[in-house]
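Engineer: Pasting a structure below so you can have a look.
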Amino acid sequence: MSMQKFGNLLSTASRFAGPLNQARLLAASSETSLLSKILHGLPYDADKAANQSHSSLLSDNARIYEIVSHKTKCGEMSAYMSAYENYINVTQKLNPSVELFGSWNVAYGDQDQVVHLLKYNEGYTDVDKMIQANAFNSEVKAAASEVGKLCSRRKAILTKAFSYWGDPKPRDSSHIYDMRRYILKPGTILEWGNAWSKGITFRKDFQQDVGGFFVQTGQLYVVYHFWAYKGMTERNEIRKKTWSKPGWDQTVAYTVPLLKEMKSQILIPTALSKLK
């Protein structure tokens, strides 16, 4: 099938089946995978792809990111931050390749909540080491216990970064962060990746793109996007400017039908964060 015919087929699908079916047609093509080319720049092998996990198609390295959410007890935020800093110091002595990359208080959203982003540079090798340390190392267990005493609820999930987004980079100046969580319909993660591999180009001009992650544990087909702004005023202005860019509306048209739920929380960096 020629690329011209393939393009005509997509156009027909768009008119009669809508953006969702067009995206599915694109992801399912056995002759030309735009998704593979966009994400990796590699030729598409249908037989090989059939035996690959979605994670290997969407991420091009072994690094793992853990997103931690802790609901602290009212009035205990200061004590909690001290306890968590101690926990991080203890664990990094044992495993220096695991680093606390982002750390935030929730300003708008779930109150008394802290969100941490940990980077496992050696991937699941680091994850296994942390599992062992948390289970059997007395110093780590004691530090974790002190953190737990100051929390009313805790949650930790493992994720991988989308390859087209890249790994987060440290930010020095003061920002607020918009953490967006998207719960997708099962089976649509490749379609999401395909749409956003193009959509992210509309958001890079203002340098607010921080990171995009898809979940590996817990509730699956969940995606997190992190955006950085100088303040809420800039956030409002940049979002308006993005909508004025030709093509951004198509990204929204593709991705909205894939969603079951979405949520936004505004975060403020803590003193521990490399993302200021």
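The values are calculated or read from the model by the stated rules, or taken from the named source; none is laboratory data. Because the structure is predicted, anything quoted here is derived from the model rather than measured. Every residue, glycine among them, receives a Cβ derived from its backbone with ideal geometry; neighbour counts consider all protein chains shown.
Engineer: Considering only residues of region 124-166 that are assigned to a loop (DSSP other than H, G, I, E, B) and either of a type in the set (Val, Ile, Thr) or at pLDDT below 95 (or both), which is farthest from Thr255 (Cα to Cα)?
Structural biologist: Once the filter is applied, the top-ranked residue is Gly166.
Engineer: Next question, about the same structure. I need every pair where a residue in region 211-236 that is of a type in the set (A, V, I, L, M) has its Cβ under 7 Å from the Cβ of a residue that is assigned to a loop (DSSP other than H, G, I, E, B), sequence separation at least 6 or different chains.
Structural biologist: Here the result reads Ala228/His175; Ala228/Gln208, each pair linking region 211-236 to a residue that is assigned to a loop (DSSP other than H, G, I, E, B).
Engineer: In region 52-72, which residue that is at pLDDT below 95 and closer than 22 Å to Ile131 by Cβ is surrounded by the fewest Cβ atoms within 10 Å (Cβ to Cβ)?
Structural biologist: Top of the filtered list is Ser53.
Engineer: While we're on this one: Which residues, counting only those in region 237-251, are loosely packed, with under 14 Cβ neighbours inside 10 Å and touching a residue at least 40 places away in the same chain (Cβ under 8 Å)?
Structural biologist: Scanning region 237-251 gives Lys245, Gly247.
Engineer: Restricting attention to region 199-219, and to residues there that are loosely packed, with under 14 Cβ neighbours inside 10 Å and under 17 Å from the mean Cα position of the chain (by Cα), which single residue is nearest to His175 (Cα to Cα)?
Structural biologist: Looking at the filtered set, the residue picked out is Gln207.
Engineer: Which of the residues that make up region 81-106 are in a strand (DSSP E or B) and over 24 Å from Gln265 (Cα atoms)?
Structural biologist: Once the filter is applied, which keeps residues that are in a strand (DSSP E or B) and over 24 Å from Gln265 (Cα atoms), region 81-106 yields only Val98.
Engineer: Can you name the residue in region 196-225 that is within 19 Å of Lys160 (Cβ to Cβ) and of a type in the set (Val, Ile, Thr) and, of all such residues, is modelled with the lowest pLDDT?
Structural biologist: Among those residues, the one meeting the criterion is Ile200.
Engineer: Of the conditions (1) exposed (fewer than 13 other Cβ atoms within 10 Å of the Cβ); (2) free of Cβ contacts under 8 Å to residues at least 60 places away in the same chain; (3) in a strand (DSSP E or B), Lys119 fails just one. Which one is it?
Structural biologist: (1)
Engineer: Still on this structure, please answer the following. Could you tell me whether Thr270 is surrounded by 17 or more Cβ atoms within 10 Å (Cβ to Cβ), closer than 30 Å to Tyr124 by Cα and over 17 Å from the mean Cα position of the chain (by Cα)?
Structural biologist: So Thr270 fits the description; yes.
Engineer: What is the residue count in region 173-205 for residues that are free of Cβ contacts under 8 Å to residues at least 60 places away in the same chain and more than 19 Å from Gln250 (Cβ to Cβ)?
Structural biologist: Number satisfying all stated conditions: 2.
Engineer: Regarding region 254-263, can at least one residue be identified that is free of Cβ contacts under 8 Å to residues at least 60 places away in the same chain and hydroxyl-bearing (Ser, Thr, Tyr)?
Structural biologist: Within region 254-263 (the criterion being free of Cβ contacts under 8 Å to residues at least 60 places away in the same chain and hydroxyl-bearing (Ser, Thr, Tyr)), the answer is no, since none of the residues qualifies.
Engineer: Looking at Lys155, Lys169, can you tell me which residue is closer than 21 Å to Leu272 by Cβ, free of Cβ contacts under 8 Å to residues at least 60 places away in the same chain and either out of contact with any helix residue (DSSP H, G or I) (no Cβ under 9 Å at 6 or more places or on another chain) or among the charged types (D, E, K, R) (or both)?
Structural biologist: It is Lys169.
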